[in-house]
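J.: Below you will find the structure I want to go over with you.
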Amino acid sequence: MPAKRILIAVAALLYLGFLAVLGGAYLVGLKQVSAWPPGETGPGIADKDLSRVQRNVLQLERKMSGLLPKGLYIVIDTAENRLYLKNGADVVRTAVVSCGSGVVLEESSGKQRKWVFDTPRGEFNVKSKIANPYWVKPDWAFIEEGEAVPRDLEDRIESGTLGDYALGFGEGYFIHGTLYTRLLGRNVTHGCVRVGDEDLKAIFKAVPLGAKIYIY
Amino acid sequence: MKKAATIAAFIAIGFVCAVPGTSQDKAGLAKKQNSMNSEYSLAKESNFYFVLDVLGRKLELRVRGMVLRSWPLKSMKFWGRPGFSGNVELVHKSTLNAPERIIIKPGDAAKTEPAPAAKPLPSGTTPANPAEFELEALELKDMPKRFRLDFDNGLHVAIKSNNAGPAGFLGALGEAWRWYVDLPLRNLFSRKDGKGLAELQLTFESDKDAQAIYWHFFEGIKGIIL
């Protein structure tokens with residue numbers, strides 16, 4: 001019996017000790033939270049430096065606004081499959097688009113190449129504007145279909161696939177039309193951005209060469 | 001004489017009004033200068049960056065100083081050392097069930113490609129039930145609703161949507177244990193070995209918010225925590 005009592009006493013002491021340590025941990029946590037946010041407790045500005053800091057802030061604001069794209073530009077959200085034609089902070093037009101599927105194509109024979117069908121993300125420019133474009137099918141287009149890759153350029157050319165207009169933004173990527181309009185709003189492409197006919201026409205006519213494209 | 005007295009009265013009122021605001025303005029100005037300096041260093045490059053405004057309760061994705069997406073925080077919890085603000089870089093993004101890319105082999109696409117639509121859609125509209133098609137693709141809906149972001153300054157951020165609770169009673173118990181027992185104790189003992197723990201949990205209103213953050217935040221992205 002005494003051994004059992006000792007065990008209970010030890011367990012109770014351990015439990016109380018644990019609670020005490022946990023209580024201490026919460027006190028430390030509360031102290032840390034009260035010192036937050038740290039920026040508020042940092043060194044202030046001396047009166048003599050006030051005008052210099054004000055000038056500095058104004059200069060930074062000017063520099064920041066100078067970084068914004070000039071004129072019309074395109075913003076593409078690859079997650080939502082939306083294209084925004086913008087002018088400054090104003091959204092001039094919104095279009096439902098299709099971006100890259102994220103699928104990986106692996107060549108099982110030959111060179112055993114691999115392609116990842118992502119729409120590239122980053123800052124780009126409109127490098128080319130083409131009316132009535134034709135598609136020069138790259139190797140992956142044949143490999144994906146299980147067809148032999150042709151040797152002649154003529155065998156790679158396909159018309160009508162890219163719609164009426166295409167805006168190139170480098171590395172073979174285009175904003176172009178599509179026959180698959182019912183898939184607009186889904187991630188289905190090989191990396192290009194597919195747009196519906198009406199939106200594509202408006203964007204093509206409005207956006208000049210060199211205009212910025214932000215894809216995220 | 002009367003005119004001079006009126007002017008003097010206006011100046012005095014202006015002075016009295018200005019004095020209480022000055023110390024607040026100074027603190028605000030110092031903070032603004034610091035955050036703008038930090039942001040300009042990121043915005044002058046063409047890369048995307050994020051701004052986590054903890055007091056403003058929002059997370060933003062930006063480029064060139066322009067806000068691309070803004071996700072308001074529903075709630076926020078924190079344990080550990082408070083000095084985690086400043087410029088940071090995401091070093092690791094992790095989740096229990098990370099979405100995996102679909103790998104296709106030659107000839108697979110020919111079997112699965114849906115037929116083209118018959119007529120074009122009006123501008124700015126979503127096609128009728130676009131979700132009805134099962135596609136071989138990695139989409140926003142495939143992204144996790146709970147995940148962790150580890151930053152180079154030692155800050156760990158757990159992101160979750162309001163609906164993404166732990167699975168079952170045991171999951172809820174495990175999460176409660178972690179937040180209310182494990183983290184306080186780790187915080188207490190990590191202070192002694194000089195490392196210091198910083199654990200932030202951000203909860204967002206909708207599943208899509210958390211999923212979009214997973215989609216847009218890649219390892220290596222830089223940002224500012226205000």
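The values are calculated or read from the model by the stated rules, or taken from the named source; none is laboratory data. This is a predicted model, so every value here is computed, not measured. For neighbour counting, all protein chains shown are included, and Cβ atoms are generated from backbone atoms with ideal geometry for every residue, glycine included.
J.: Out of the residues in region A:148-159 meeting the condition of being in contact with a strand residue (DSSP E or B) (Cβ under 8 Å, 6 or more places away or on another chain) and not charged (D, E, K, R), tell me which one is farthest from A:Ser128 (Cα to Cα).
T.: Taking region A:148-159 and keeping what is in contact with a strand residue (DSSP E or B) (Cβ under 8 Å, 6 or more places away or on another chain), we get A:153, A:156-159.
Within this subset, residues satisfying the condition of being not charged (D, E, K, R) are A:153, A:157, A:159.
Working: A:Leu153: 21, A:Ile157: 18, A:Ser159: 18 Å.
Applying the filter and picking the extreme gives A:Leu153.
J.: Which ones in region A:162-194 are β-branched (Val, Ile, Thr) and modelled with pLDDT under 90? First the steps, then the outcome.
T.: Filtering region A:162-194 down to residues β-branched (Val, Ile, Thr) leaves A:175, A:178, A:181, A:188-189, A:193.
A:Thr181 - this is the single residue of region A:162-194 that is β-branched (Val, Ile, Thr) and modelled with pLDDT under 90.
J.: Moving on. How about region B:36-56: which of its residues are outside any loop (DSSP other than H, G, I, E, B), surrounded by 19 or more Cβ atoms within 10 Å (Cβ to Cβ) and either touching an Asp or Glu at 6+ places or on another chain (Cβ under 9 Å) or polar (S, T, N, Q) (or both)? Before you say what the answer is, go through the steps one by one.
T.: At the first step, the residues of region B:36-56 found to be outside any loop (DSSP other than H, G, I, E, B) are B:36-43, B:49-53.
Filter once more, so that each one left must be surrounded by 19 or more Cβ atoms within 10 Å (Cβ to Cβ): B:36, B:38-39, B:42-43, B:49-52.
Selection gives B:Met36, B:Ser38, B:Tyr49, B:Phe50, B:Val51, B:Leu52.
J.: A follow-up question, please. I'd like the residue in region A:73-112 that is in a strand (DSSP E or B), touching a residue at least 40 places away in the same chain (Cβ under 8 Å) and more than 9 Å from chain B (Cβ to nearest Cβ) and, out of all such residues, is nearest to A:Phe142 (Cα to Cα). If you could, list the steps in order and put the result at the bottom.
T.: First pass over region A:73-112, keeping only residues in a strand (DSSP E or B): A:73-77, A:82-87, A:90-98, A:100, A:104-106.
After this cut, where a residue has to be touching a residue at least 40 places away in the same chain (Cβ under 8 Å) as well, the list is A:73-77, A:83, A:85, A:92-93, A:95-98, A:100.
Now drop any that are not more than 9 Å from chain B (Cβ to nearest Cβ), which leaves A:73-74, A:76, A:83, A:85, A:92, A:97-98.
Numbers: A:Tyr73: 34, A:Ile74: 31, A:Ile76: 28, A:Leu83: 29, A:Leu85: 33, A:Val92: 38, A:Val97: 24, A:Ser98: 21 Å.
Applying the filter and picking the extreme gives A:Ser98.
J.: Still on this structure, please answer the following. Part of a strand (DSSP E or B) and surrounded by fewer than 21 Cβ atoms within 10 Å (Cβ to Cβ) - does that describe any residue in region A:142-156?
T.: So in region A:142-156, the residues part of a strand (DSSP E or B) come out as none.
For region A:142-156, residues part of a strand (DSSP E or B) and surrounded by fewer than 21 Cβ atoms within 10 Å (Cβ to Cβ): absent.
J.: Could you please give the count of residues in region A:161-216 that are more than 12 Å from chain B (Cβ to nearest Cβ), free of Cβ contacts under 8 Å to residues at least 40 places away in the same chain and not hydroxyl-bearing (Ser, Thr, Tyr)?
T.: First, pick out the residues of region A:161-216 that are more than 12 Å from chain B (Cβ to nearest Cβ): A:162, A:165-176, A:191-193, A:204-211.
Checking the rest, the ones that are also free of Cβ contacts under 8 Å to residues at least 40 places away in the same chain come to A:162, A:165-166, A:172, A:205.
Next, only the ones that are not hydroxyl-bearing (Ser, Thr, Tyr) stay: A:162, A:166, A:172, A:205.
So the answer is 4.
J.: Tally up the residues in region A:183-213 that are over 21 Å from A:Gly71 (Cα atoms), in a helix (DSSP H, G or I) and either outside the structural domain of A:Trp140 (by TED's automatic domain parsing) or not charged (D, E, K, R) (or both), please. Quick ask: steps written out before the conclusion?
T.: Our first condition is that a residue be over 21 Å from A:Gly71 (Cα atoms); within region A:183-213, this holds for A:183-198.
Subsequent filtering for residues that are in a helix (DSSP H, G or I) retains A:183, A:197-198.
Applying the additional criterion that residues be either outside the structural domain of A:Trp140 (by TED's automatic domain parsing) or not charged (D, E, K, R) (or both) yields A:183.
Residues that pass the stated criteria total 1.
J.: Looking at B:Pro144, B:Pro120, B:Pro127, B:Pro166, can you tell me which residue is modelled with pLDDT under 90, surrounded by 14 or more Cβ atoms within 10 Å (Cβ to Cβ) and away from chain A (no Cβ under 13 Å)?
T.: On the way: B:Pro144 fails: modelled with pLDDT under 90; B:Pro120 fails: away from chain A (no Cβ under 13 Å); B:Pro127 fails: away from chain A (no Cβ under 13 Å).
On inspection, the qualifying residue turns out to be B:Pro166.
J.: Within region B:190-209, can one find any residue that is within 13 Å of another protein chain (Cβ to nearest Cβ), among the hydrophobic types (A, V, I, L, M, F, W, C) and outside any strand (DSSP E or B)?
T.: Among the residues of region B:190-209, at least one is within 13 Å of another protein chain (Cβ to nearest Cβ), among the hydrophobic types (A, V, I, L, M, F, W, C) and outside any strand (DSSP E or B), which makes the answer yes.
J.: Check region A:50-67 and report whether any residue there is in contact (Cβ under 8 Å) with a residue 60 or more places away in the chain and not β-branched (Val, Ile, Thr). Before the answer, list the steps.
T.: Here is the first cut: in region A:50-67, the residues in contact (Cβ under 8 Å) with a residue 60 or more places away in the chain are none.
No; the residues of region A:50-67 include none that is in contact (Cβ under 8 Å) with a residue 60 or more places away in the chain and not β-branched (Val, Ile, Thr).
J.: Of the numbered conditions (1) in contact (Cβ under 8 Å) with a residue 60 or more places away in the chain; (2) more than 14 Å from the chain's Cα centre (by Cα), B:Leu52 fails exactly one; give the number of that condition.
T.: All conditions pass for B:Leu52, except number (2).
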